[in-house]
Amino acid sequence: EAQVTQNPRYLITVTGKKLTVTCSQNMNHEYMSWYRQDPGLGLRQIYYSMNVEVTDKGDVPEGYKVSRKEKRNFPLILESPSPNQTSLYFCASSLREGLTDTQYFGPGTRLTVL
Amino acid sequence: AQKVTQAQTEISVVEKEDVTLDCVYETRDTTYYLFWYKQPPSGELVFLIRRNSFDEQNEISGRYSWNFQKSTSSFNFTITASQVVDSAVYFCALSEPSGGYNKLIFGAGTRLAVHP
């Protein structure tokens, strides 16, 4: 089954404790992204990757890191989480189709930072 | 700057009513794409439709229909004969081809509650 998977689905942590949220897709997609969803703000892009070893900042990259060592994986790293990073996080992947792409999202990771 | 506005924060209807979710966008590009996603209570995001700026033809898929009007920069979504399973948050999004990658700009979402 074609899908984007994220782990963990739920995480409660404390300020300053490094964490990684994994994202994996089995569709051989080139593009992958991370978004965060906050009430009243919709989803905002954190980082994206156009291919292996190619990553770039989205609209809200502060406090996050990513890496793309393999095409299928795109982990999101919070080196020193803070309470304002409490949010619902989505990973997405897509394949370019002409001038655009359609992004398919993972199930989401709900993160609480105390 | 690109922007998507979904002015309706919450809508509540009774089953079998028709309901329209509004989406207004801003862009300076002539080529762009519009999307709708559904987020049911389980939390995942489900892709519903993609439309490009050169195709203003309305689209119908079962009980769902979309009305794209460039003159008013709107891409509204109508659910006919709503059902309880339609209860979800619906997001409208915009993307523009730039830098080889299309970033999605999302609206704030409209929460639809369909009551039996």
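Kirkwood radius, chain B, all distinct C-alpha pairs, inverse of mean reciprocal distance: 14.4 Å. Note: the protein assembly as shown, Cα convex hull, 127 Å³ per residue. Restricting the range B:22-52 to trypsin sites (Lys or Arg not before Pro) that sit in a DSSP loop and have at most 10 other Cβ atoms within 10 Å of their own Cβ leaves B:Arg28. Each Cα pair under 8 Å and six or more residues apart adds its separation to the average, and for the range A:17-114 the resulting relative contact order is 31 percent.
Spacing of the modelled spin labels on B:Arg111 and A:Val52, each 7 Å from Cα toward Cβ, amounts to 4.4 nm. Our note on the geometry: Cα centres of the range A:50-94 and the range A:1-26, 10 Å apart. Rolling a 1.4 Å probe over the protein heavy atoms gives the range A:36-114 an accessible area of 44 Å² per residue.
For the range A:11-114, GluC sites (Glu not before Pro) are listed when DSSP marks them as loop and at most 10 other Cβ atoms sit within 10 Å of their Cβ; the list is A:Glu53, A:Glu62, A:Glu70.
A crude spin-label estimate for the pair A:Thr13 and A:Glu79, with each label 7 Å from Cα along the Cβ direction, gives 1.3 nm.
Annotation: for a label point projected 7 angstrom from Cα along Cα→Cβ of A:Leu88, residues of the range B:48-82 with backbone N closer than 19 Å are B:48-49. Solvent exposure of the range B:2-116 amounts to 47 Å² per residue of accessible area, where only protein heavy atoms count and the probe is 1.4 Å. Per-residue 3J(HN,Hα) values for the range A:92-101, derived from phi via the Karplus relation 6.51 cos²θ - 1.76 cosθ + 1.60 with θ = phi - 60°, read 9, 9, 7, 10, 5, 10, x, 8, 9, 8 Hz in sequence order (x marks Gly and Pro). Here the Karplus relation 6.51 cos²θ - 1.76 cosθ + 1.60, evaluated at θ = phi - 60°, turns the backbone of the range B:29-37 into coupling constants of 7, 8, 10, 7, 10, 10, 9, 10, 10 Hz, with x for every Gly and Pro. Taking every alpha-carbon pair under 8 Å whose residues sit at least 6 apart, chain B reaches a relative contact order of 38 percent. The interface between chain B and chain A buries about 2000 Å² of solvent-accessible area in total (1.4 Å probe, ligands and nucleic acids excluded). Across all directions, the average flat footprint of the convex hull enclosing the Cα atoms of chain A is 6.9 nm². Spacing of the modelled spin labels on A:Asn26 and B:Asp55, each 7 Å from Cα toward Cβ, amounts to 2.9 nm.
The values are calculated or read from the model by the stated rules, or taken from the named source; none is laboratory data. All figures in this text were calculated on a predicted structure; none of them were measured in a lab. Note that each Cβ is placed from the backbone with ideal geometry, even for glycine, and that neighbours are counted across all protein chains shown. These area figures cover heavy atoms from the full protein model, side chains too; ligands, DNA and RNA do not enter into them. Shrake-Rupley method; radii C 1.70, N 1.55, O 1.52, S 1.80 Å.
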